[in-house]
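One structure is given here, and the rest of the page talks about it.
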Amino acid sequence: MKISKKTDYALRALFTLVQQYSQGRPISIGQLARRNDVPKRFLERIMLEMKVKGWVTSVMGKQGGYVLAKSPEEITVGQVIRHFDGVLSPIGCVSVHQYERCNQEVACRFRRLFLEVRNHTTGLMDAATLARVNDGKPVQPEEVYSMDLIGGAGI
């Protein structure tokens, strides 16, 4: 699974807003863009989409900007990915909403594995609220390059 730049940027902005949530102060679009290394024009469109979804709201005025419209416990990473990227399925023949028929479905031996990947991934993403993920710690390089994962090849 690989998420789009749009989803990546949306998540960056949302986690910045989560970190400000308890203070209740809005963050300007310029600050959001600078803090997250996101093109401002692109982020403006993303923020408008998230406003329509009810995840963020805008505050007008000199000290205005964006704040979360919902508690960080009410928004999941799965919701954000589905909104911007459509599905969490690794292949079309195991997707519910973007199903793609394959002429090998009845005999396919690896389809079950990808169904399990879909189910596991969906479960993880839907359980990952912004609050829970924000409470986690950053990933360390040794975790990414673990030799336990087939020497890191192709990951």
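What follows is calculated from the coordinates using simple rules that are stated; it is not laboratory data. Given the structure is predicted, the values throughout are model-derived calculations rather than measurements. As a convention, Cβ positions derive from the backbone with ideal geometry for all residues, glycine included, and neighbour counts pool all protein chains shown.
Structural remarks
- Mean separation of Cα contacts under 8 Å, 6 or more apart, over the residue count of the range 5-68: relative contact order %: 40 percent
- The chain: most fluctuating residue of 134, 103, 119 per GNM, C-alpha cutoff 10 Å: 103
- Positive minus negative residues near residue 72 (Lys, Arg vs Asp, Glu; Cβ under 14 Å): -1
- The C-alpha atoms of the range 77-136 occupy a region whose extents along the principal axes are 44, 20, 10 Å, arranged from largest to smallest.
- Environment charge of residue 3, counting only residues whose C-beta is closer than 12 Å and scoring Lys/Arg +1, Asp/Glu -1: +3
- J(HN,Hα) series, the range 127-143, from Karplus relation 6.51 cos²θ - 1.76 cosθ + 1.60, nearest Hz, glycine and proline x: 8, 8, 6, 4, 4, 5, 5, 4, 6, x, 9, x, 6, 9, x, 5, 6
- Residue 100-residue 25 FRET efficiency (beta carbon distance; Förster radius 35 Å; 0.05 resolution): 0.20
- 14 Å cut-off, amide nitrogen to a point 7 angstrom out along residue 120 Cα→Cβ, residues in the range 69-102: 90
- Considering only alpha-carbon pairs that sit under 8 angstrom and 6 or more positions apart, the relative contact order computed for the chain is 23 percent.
- Dividing the summed helix terms, -39500 (n - 2.57) for each DSSP H run of n ≥ 4, by the number of residues in the chain produces a 222 nm estimate of -14500 deg cm²/dmol to the nearest 500.
- Mean shadow area of the chain, taken as a quarter of the surface of its Cα convex hull (nm²): 11.2 nm²
- Net length gained if the chain between residue 83 and residue 44 were fully extended (0.36 nm per residue, minus Cα distance): 12.4 nm
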